[in-house]
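Here is the structure we will look at.
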Amino acid sequence: MRLALGAIADDFTGALDLANNLARAGLRTVQLNGVPGADADIGDAQAVVVALKSRTAPVDDAVRNSIAALDWLRERGASKTYVKYCSTFDSTPAGNIGPVVDAVLDRLGEHITIVVPTFPGTGRTVYQGHLFVGGELLDESSMRHHPLTPMTDSSVIRLLRPQTRRRVSLITHDTVRQGHVAVAEELARIAADGGGLVVVDAICDDDLAVVAVAARDLPVVTGGSGLAQHLPAAWQ
């Protein structure tokens, strides 16, 4: 089987979470730390997760390393690309989430992707576009006082807009509850209207399973580690 998924993670521990979820979902998964060299061996892996130190790096460095990892993965046949960030959406108004996602979409000639930080296993959920951490709004949680990326707003849409030149929109939980067909139709409508970054509400694993099926044809998806565990089943 050819490489099904190439993932770019913004730190090592998050990459490990992602690799673990992919392996548990049934994909032979390899994690590589740093931009791989030409001779890096992935054996018969179906998924490769490249762990970078890009979460709080200068924006230009984060973009450059992410694109280098993307090119390496695509050269080895990755048909899907996953951009992984922390489920607490750690970032500043300058990035690095938006700039990296923009750069990946540009490189692949794509104009739409989803943004799904939800990871119910760690208490991270998104409702009405607002990110909750263990039942608290993000900006009322301990993340408000993070020394490098203080999160003073819980709205994923408001957090993203300064970071990207693309339109940011929302698919609400009401639509997700209607099932994957409704979500896919909304994604198609947004794509026809110019695309952009689409934040999708999800408050439980059942929601993530719906989103994974709805987005199964997208060449690029983005999220925390939670969404990834539902992708293999969605592709089948």
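Looking only at the range 17-34, how many residues end up being in contact with a Leu (Cβ under 8 Å, 6 or more places away or on another chain), outside any helix (DSSP H, G or I) and within 15 Å of A234 (Cβ to Cβ)? Give the steps one after another, and end with the answer.
Narrowing the range 17-34 to residues in contact with a Leu (Cβ under 8 Å, 6 or more places away or on another chain): 22, 25, 27, 29, 31, 34.
The next check asks that each one be outside any helix (DSSP H, G or I); those that pass are 25, 27, 29, 31, 34.
Checking which are within 15 Å of A234 (Cβ to Cβ) leaves us with 25, 27.
Residues that pass the stated criteria total 2.
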Any hit, the range 36-56, residues being touching a residue at least 60 places away in the same chain (Cβ under 8 Å), assigned to a loop (DSSP other than H, G, I, E, B) and open to solvent by 10 Å² or more (accessible area, probe 1.4 Å): yes
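Of the residues in the range 120-165, how many are in a loop (DSSP other than H, G, I, E, B) and under 16 Å from the mean Cα position of the chain (by Cα)? I'd like the intermediate steps shown before the answer.
Narrowing the range 120-165 to residues in a loop (DSSP other than H, G, I, E, B): 123, 128-129, 134-135, 141, 146-154, 164-165.
Right, trim to under 16 Å from the mean Cα position of the chain (by Cα) and you get 129, 164.
Here the count works out to 2.
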Residue among G95, G135, G121, G77 that alone is out of contact with any strand residue (DSSP E or B) (no Cβ under 7 Å at 6 or more places or on another chain) and open to solvent by less than 10 Å² (accessible area, probe 1.4 Å): G95
Residue in the range 97-111 that is under 29 Å from P150 (Cβ atoms), assigned to a loop (DSSP other than H, G, I, E, B) and touching a helix residue (DSSP H, G or I) at 6+ places or on another chain (Cβ under 7 Å) present: no
Failed item, numbered, when S142 is tested on (1) closer than 19 Å to D10 by Cβ; (2) open to solvent by 30 Å² or more (accessible area, probe 1.4 Å): (1)
Members of the range 1-14 found to be farther than 13 Å from L73 by Cβ and either in contact with a strand residue (DSSP E or B) (Cβ under 9 Å, 6 or more places away or on another chain) or in contact (Cβ under 8 Å) with a residue 60 or more places away in the chain (or both), listed by number: D10, D11, F12, T13, G14
Some residue of the range 57-69 being buried (at least 21 other Cβ atoms within 10 Å of the Cβ) and among the charged types (D, E, K, R): no
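The values are calculated or read from the model by the stated rules, or taken from the named source; none is laboratory data. This structure is a prediction, so every number in the text was calculated from the model and none was measured. Reconstructed Cβ throughout: ideal geometry from the backbone, glycine too, with neighbour counts over all protein chains shown. Note: areas computed on protein heavy atoms with side chains; ligands, DNA, RNA excluded. Shrake-Rupley method; radii C 1.70, N 1.55, O 1.52, S 1.80 Å.
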